[in-house]
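Working notes, structure below.
The values are calculated or read from the model by the stated rules, or taken from the named source; none is laboratory data. Because the structure is a prediction, the values reported are computed rather than measured. Here the Cβ is made from the backbone with ideal geometry for all residues, glycine too, and neighbour counts use every protein chain on show.
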Amino acid sequence: MIPVIFGCSGPVLTKEERGFFERMKPAGFILFKRNCVDADQIRALVSDLKKAVGRHKVPILIDQEGGRVQRMAEPHWRKYPPMATFGNMAKKDPTLAASALRLNCRLIADDLRRVGINVDCLPVLDVMRDDADPIVGDRAFSRDPDLVAAFGRIVVDALMDTGVLPVIKHLPGHGRATVDSHLELPVVDTPVAELDKTDFVPFRAINDAPFGMTAHIKYSAIDPKAPATLSKVVIGRVIRMKFGFSGILMSDDLSMKALSGDFETLTRGSFAAGCDLVLHCNGKMDEMQAIANAAHPISGKLEKRIASLISEADQKPMPDRADLRARYEALMEKF
């Protein structure tokens, strides 16, 4: 078993993918829109992924945020609003906004759990900024770090209460990026003292989340040489020590253009910097093979920790979906 989260190319496993996953036994998988047709198809795909690695307690990830980032989409699933919707609601009625957010996230989690997905890459704890690239934009709750922290906690608790594990992202903060890290490397020159009062606030507040995801961003005041994913300084001194983050830390997608270098080097560099898991999303076999070749075997401690988290999530009772839906819709009508 290797500490890697892989994607796959389509709605069903190819023969090549099945054989590769059987040999490499990655720690888990991530699904995208290309992998999601309908509920029966996703359940079958999840079952095949688990069979390929020979384990039941497998993290199956997805980015199901709402708004622009919703992999399971209409017509089979409800279209959920972006997280900024709830931040805007809070300006009028913070109590109702918090209640609506909790119900929204419990419905998302219920959608996921019903098809076998047990990890959602949510909440986005980045602090919104007007002068930043729109890649985050309305995926963030607010420009107010304290509100981001408060609403991020609601999301974490709502997902976990419904049997889905959250991933806080993007550590230590993506809100100031002026370019899209999918396309090039953002550089943030903001002094640490300012980051402490703004971008870092939500991550310090939610340092007990089960999973976290790094940002492919260079913070020049902290480490002028390497982006967070590849920086021992950012991961060790900021994410682990300053934030006190105790969860399982994964890289953002290694195939994003913000990172330069071959996949073997990026994989080794991510682990050396302090990532527990590396993430690769596009399903390209040659890239996955390179990452697998560079990955070390997973530690027994990490393997047990992942299995324990999934076991705890699996034990959560299924909610009364009709009741959740009715209460959610009643609240949303008030805004």
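State which residue pairs qualify: first residue touching a residue at least 12 places away in the same chain (Cβ under 8 Å) and in a loop (DSSP other than H, G, I, E, B) and inside region 203-220, second residue crowded, with 22+ Cβ neighbours inside 10 Å and among the aromatic types (Phe, Trp, Tyr) in any location, beta carbons under 9 Å apart, and separation of 6 or more residues or different chains. The qualifying pairs are Ile206/Phe245; Asn207/Phe245; Asp208/Phe245; Ala209/Phe245. Total residues in region 2-20 satisfying the condition of being more than 20 Å from the chain's Cα centre (by Cα), buried (at least 19 other Cβ atoms within 10 Å of the Cβ) and either among the aliphatic types (A, V, I, L, M) or closer than 14 Å to Ile60 by Cα (or both): the figure is 1.
Output the residue which, of all residues in region 94-145 that are of a type in the set (Val, Ile, Thr) and touching a helix residue (DSSP H, G or I) at 6+ places or on another chain (Cβ under 8 Å), is farthest from Asp199 (Cα to Cα).
If we take residues in region 94-145 being of a type in the set (Val, Ile, Thr) and touching a helix residue (DSSP H, G or I) at 6+ places or on another chain (Cβ under 8 Å), then Val115 is farthest from Asp199 (Cα to Cα).
Whenever a residue of region 26-44 is free of Cβ contacts under 8 Å to residues at least 24 places away in the same chain, it has no partner that is surrounded by fewer than 16 Cβ atoms within 10 Å (Cβ to Cβ) and of a type in the set (Lys, Arg) lying with C-beta atoms less than 8 angstrom away and at least six residues away or across chains. Here is the figure for region 315-335: residues that are over 14 Å from Arg102 (Cβ atoms), under 26 Å from the mean Cα position of the chain (by Cα) and basic (Lys, Arg) total 2. Do you know which of the residues in region 74-110 that are buried (at least 23 other Cβ atoms within 10 Å of the Cβ) and either in contact with a strand residue (DSSP E or B) (Cβ under 9 Å, 6 or more places away or on another chain) or of a type in the set (Gly, Ala, Ser) (or both) is nearest to Ile5 (Cα to Cα)? Looking at the filtered set, the residue picked out is Ala109.
Inspection of region 245-259 identifies no residue that is without any contact (Cβ under 8 Å) to a residue 60 or more places away in the chain and more than 17 Å from the chain's Cα centre (by Cα). Here Gly244 passes the criteria (1) small (Gly, Ala, Ser); (2) assigned to a strand (DSSP E or B); (3) surrounded by fewer than 22 Cβ atoms within 10 Å (Cβ to Cβ) except the one numbered (2).
Here Phe335 meets each of (1) of a type outside the set (D, E, K, R); (2) within 30 Å of Thr162 (Cβ to Cβ); (3) modelled with pLDDT of 95 or more with one exception, condition (3). Is one or more of the residues making up region 167-187 crowded, with 20+ Cβ neighbours inside 10 Å, under 20 Å from Pro59 (Cβ atoms) and out of contact with any strand residue (DSSP E or B) (no Cβ under 7 Å at 6 or more places or on another chain)? No - not one qualifying residue is present in region 167-187.
Inside region 66-81, residues that are touching a helix residue (DSSP H, G or I) at 6+ places or on another chain (Cβ under 8 Å) and under 22 Å from Arg321 (Cβ atoms) make up a count of 10.
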